[in-house]
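Heads up: the structure comes next, in structure tokens.
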Amino acid sequence: MKFLVVGSGGREHAICWTLAASPLCDAVFCAPGNAGIAEVADCVDISVNDFDRIVEFARDRAIDLVVVGPEEPLVKGLVDVLTEAGIKAFGPTAAAAQLEGSKGFMKDICRKYGIPTAEYQRFDDRNAARAYIQEKGAPIVVKTDGLAAGKGVTVAATVEEALQAVDEAMADGKFGAAGAELVIEEFMEGEELSFFALCDGAAAVPLASAQDHKAAYDGDKGPNTGGMGAYSPAPVCTPEIEARIVEEILNPTMAAMTAEGAPFRGILFLGLMITAAGPKLIEFNVRFGDPECQVILMRLMSDLPSALLAACDGVLSTFDLRWYEESALAVVMASKGYPGSYDKGTPIGGAESAVDDPENVFVFHAGTARNGDGALVATGGRVLNVCAMGDTVAEARARAYGTIDRIDWPNGFYRTDIAWRALEREAG
Ligand code: AMP
Ligand code: GLY
């Protein structure tokens, strides 16, 4: 089979790496890819939003399956465009991707179908939004309706902070059209958990559990990022919690989307708060999390292409996914300054030679390129994902950080405490 993966991050590197290792795989292409992806796939210089050229390339090369990584092309309808062109594509349609593309849509689905989530109200009027905050008080959470590159959520500790978030979105236009409408919701207390499922439009098969760290600095401090590290399994996800998530949130969502005429096919990510009253939905993503994908795929024993095809063909209910028992952990190395502004083109030494245990350690690339001399340079905010497997989280973590110590990138930084919660649990 020939695959085309759309995207250029660590998630797409892990997808390409896993597809390339399958006995079903004849070729993997990636649009646009990065320097690490180029080691396992043929990178083609096509942007993720250039739908015409993606269709043309897939047709010319007789691609058997297109796998779309990031949310933006999904929400804009890349899977619809490919399907109309007769090309098999893995991922949700634009209609189903509204679960991530519009917070208001997602909240209304929850309300209509009784899926547990924070109490909320939608607003397109600034004064009404301000009045609602005054009435409810703090803490309270303000969210842009549309995609805002992970920056559209304000968890406000005070009424003033919440009012300021409303003004920034609705008066200053900080998020453009994405912030013209807001969802304002109740603050939920508890431990967060990410939950992933592979979905075929009717059936949903849970994937291995994984947890990311969104804050930039140690101790879960500092600004929110796309994710500075992840680990799998996530011990907070006990079998009892998993059963409740499947029964109370995942399965009702699948049924709801079918009833709405937009059956969900692809990877569904549930961002959850484990509250005193049980699991409640914070948000959906309609694709793999990054870097959660990296640790989940490292633990996947089953054949990925077979699983993706079963999802595309609607036959997942007879499919069983198997996982390695070991733990997997990913540490993100980012450019100093991320998630704010940072220098581009800084040299990275030793990314390959740092790996002395290739059985257990792999470095996925998130934002890299080769300069004219073939040397590796950083091109993004998140740059490398140093991933390791181990019999315990502690062992995986020691292997990952041991590898990082041998990478020479003065312009990079990383968190030194990835998986601290899991380690505390492991230590008892
Ligand atoms: P989101 O982009 O929706 O994942 O929100 C970013 C982060 O804000 C989440 O990972 C949570 O930590 C936090 N958050 C969002 N909504 C709530 C809520 N209703 N209560 C408490 N924390 C929240
Ligand atoms: N790591 C969270 C995300 O991919 O959005």
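Bear in mind that the values in this text are calculations on the coordinates, not laboratory data. Nothing here was measured: the structure is a model prediction, and the numbers come from that model. Cβ coordinates were reconstructed from backbone atoms using ideal geometry, including for glycine residues, and neighbour counts include every protein chain displayed.
I want to verify a result. In a Gaussian network model of the chain, Cα cutoff 10 Å, which of these has the top mean-square fluctuation: D50, D218, D373?
Evaluated over the chain, the most mobile residue of the options is D373.
Quote the relative contact order of the chain in percent (integer), defining contacts as alpha-carbon pairs under 8 Å separated by 6+ residues. Show your work: numbers first, answer last.
Values: 987 pairs, mean separation 67.3, N = 428.
Taking the mean separation of contacting Cα pairs over the length of the chain, I get 16 percent.
Once you compute Rg and the Kirkwood Rh from C-alpha atoms, what is the Rg to Rh ratio for the range 153-289?
0.99
Identify, among N411, M389, I245, the residue whose Cα sits farthest towards the positive end of the charge dipole of the chain, taking +1 on the Cβ of Lys and Arg and -1 on the Cβ of Asp and Glu, with the dipole about the Cα centre.
N411
Rounded to the nearest 0.05, what FRET efficiency is calculated for D108 and D356 with R0 set to 56 Å and r the Cβ-Cβ distance?
Numbers: r = 52 Å, r/R0 = 0.93.
Calculated value: 0.60.
Taking 30 Å as R0, compute the FRET efficiency from the Cβ-Cβ separation of K336 and A427 and round it to 0.05. Let's see the in-between values first.
Values: r = 31 Å, r/R0 = 1.05.
Calculated transfer efficiency: 0.45.
Using helices alone, what [θ] at 222 nm do you get for the chain, with -39,500 (n - 2.57) per DSSP H run of 4 or more residues, divided over all residues and rounded to the nearest 500?
For the chain, the value works out to -8500 deg cm²/dmol.
Hey, rough spin-label estimate for A85 and D26, points 7 angstrom out along Cα→Cβ, what's it come to in nanometres?
Going by the 7 Å Cα→Cβ label model, 1.9 nm.
How about K280: which aspartates and glutamates have a C-alpha closer than 17 Å to its C-alpha, ignoring those fewer than 8 places off in the same chain?
Hits, sequence-local ones excluded: E100, D108, E119, E185, E186, E189, E191, E192, E240, E242, E247, E248.
Looking at the chain, what % of its DSSP beta bridges pair antiparallel, to the nearest 5?
Values: 63 of 78 bridges.
Rounded to the nearest five, the antiparallel share is 80 percent.
Translational diffusion coefficient of the chain at 25 °C, 0.890 mPa s, Stokes-Einstein with Kirkwood Rh over Cα pairs, in µm²/s as a whole number.
D = 111 µm²/s.
Of K88/K214; K76/K143; K2/K336; K136/K214; K103/K214; K76/K336, which sit over 29 Å apart, Cα to Cα? All intermediate terms of the calculation are to be shown ahead of the outcome.
Working: K88/K214 33 Å; K76/K143 20 Å; K2/K336 38 Å; K136/K214 27 Å; K103/K214 19 Å; K76/K336 32 Å.
Checking Cα-Cα distances, K88/K214; K2/K336; K76/K336 exceed 29 Å.
Would you pull out the residues with amide H under 5 Å of K336's amide H, same chain only if 5 or more places away, H placed 1.01 Å from N?
Here the answer is G412, F413, since their amide H atoms fall under 5 Å of that of K336.
Counting Lys and Arg as +1 and Asp and Glu as -1, each charge on the Cβ, what is the dipole of the chain about the Cα centre in debye, to the nearest 20?
Dipole size: approximately 400 debye.
Considering the chain as a Gaussian network with a 10 Å cut-off on Cα pairs, which listed residue, A62, A38, A330, attains the greatest mean-square fluctuation?
A62
Rounded to two decimal places and with Rh computed the Kirkwood way over Cα pairs, what is Rg over Rh for the range 262-373?
We get a ratio of 1.04 for the range 262-373.
Treat each spin label as a single point 7 Å out from the Cα along the C-beta direction, and report the R370 to E39 distance in nm.
Reported label-point gap for R370 and E39 is 1.2 nm.
Taking a cut-off of 20 Å, what percent of all Cα-Cα pairs in the range 27-107 are separated by more than that? Don't jump to the answer; show the numbers that get you there.
Working: 1067 of 3240 pairs.
Distances greater than 20 Å cover 33 percent of the Cα pairs.
Using θ = phi - 60° and the Karplus curve 6.51 cos²θ - 1.76 cosθ + 1.60, what whole-Hz ³J(HN,Hα) does each residue of the range 337-348 get, with Gly and Pro shown as x?
x, 4, x, x, 7, 8, 6, 10, x, 6, x, 10
What's the center-to-center distance, using Cα atoms, between the range 411-428 and the range 309-324 in Å?
Cα centroid to Cα centroid, the span is 32 Å.
Would you please give the residues with an amide H less than 5 Å from that of V44, counting only those at least 5 places away or on a separate chain, with H modeled from the backbone geometry?
Amide H neighbours of V44: C30, A31.
Would you calculate the separation in nanometres between label points at K344 and D60, each defined as 7 Å from the Cα along the Cα-to-beta-carbon direction?
2.5
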